[in-house]
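**Q** So that we are looking at the same thing, I have put the structure below in structure tokens.
The values are calculated or read from the model by the stated rules, or taken from the named source; none is laboratory data. All figures in this text were calculated on a predicted structure; none of them were measured in a lab. For neighbour counting, all protein chains shown are included, and Cβ atoms are generated from backbone atoms with ideal geometry for every residue, glycine included.
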Amino acid sequence: MNKALILAAGVALAATAATAQDTVTVDIDDITCRDLLHMGGTEREYTMVYAHGFLNGLNGKRKAEAAAMAALTDEVVDACIADPEGTVFGALEKAAK
């Protein structure tokens, strides 16, 4: 099973495991590059899978190629290193153009 699919499944499982008391709201526009750079490996992976899925949804895409996602993620991390005050989604949108 490929890594992206495993990560997506992990995000789905984590979301269903939360109770009403544990509800956390995530605003894709509030995740800064600095936040991403401070995240641990799994948290960073989940965040990037979420961001890729959000962008694909906005673009009406129902499929994602894991290798393309990995390449875009590398570009996002590089952009975030260059501009830690930017947003992850902004960096992803630029990289995906």
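**Q** What pairs come up if the first residue lies in segment 60-82 and is more than 14 Å from Ala95 (Cβ to Cβ), the second is exposed (fewer than 15 other Cβ atoms within 10 Å of the Cβ) and of a type in the set (D, E, K, R), and their beta carbons are under 8 Å apart, counting only those six or more places apart or on different chains?
**A** Close Cβ pairs satisfying both conditions: Ala66/Lys3.
**Q** Looking at (1) β-branched (Val, Ile, Thr); (2) in a helix (DSSP H, G or I); (3) modelled with pLDDT under 90, find the lone condition where Thr73 falls short.
**A** Tallying (1) β-branched (Val, Ile, Thr); (2) in a helix (DSSP H, G or I); (3) modelled with pLDDT under 90, Thr73 fails exactly one: (3).
**Q** Out of the residues in segment 1-56 that are outside any helix (DSSP H, G or I) and at pLDDT 90 or above, state the one that is nearest to Glu85 (Cα to Cα).
**A** Thr32
**Q** So Thr25 fits all but one of (1) of a type in the set (Ser, Thr, Tyr); (2) surrounded by 14 or more Cβ atoms within 10 Å (Cβ to Cβ); (3) over 11 Å from the mean Cα position of the chain (by Cα); what number is the exception?
**A** So Thr25 meets the others, but not (2).
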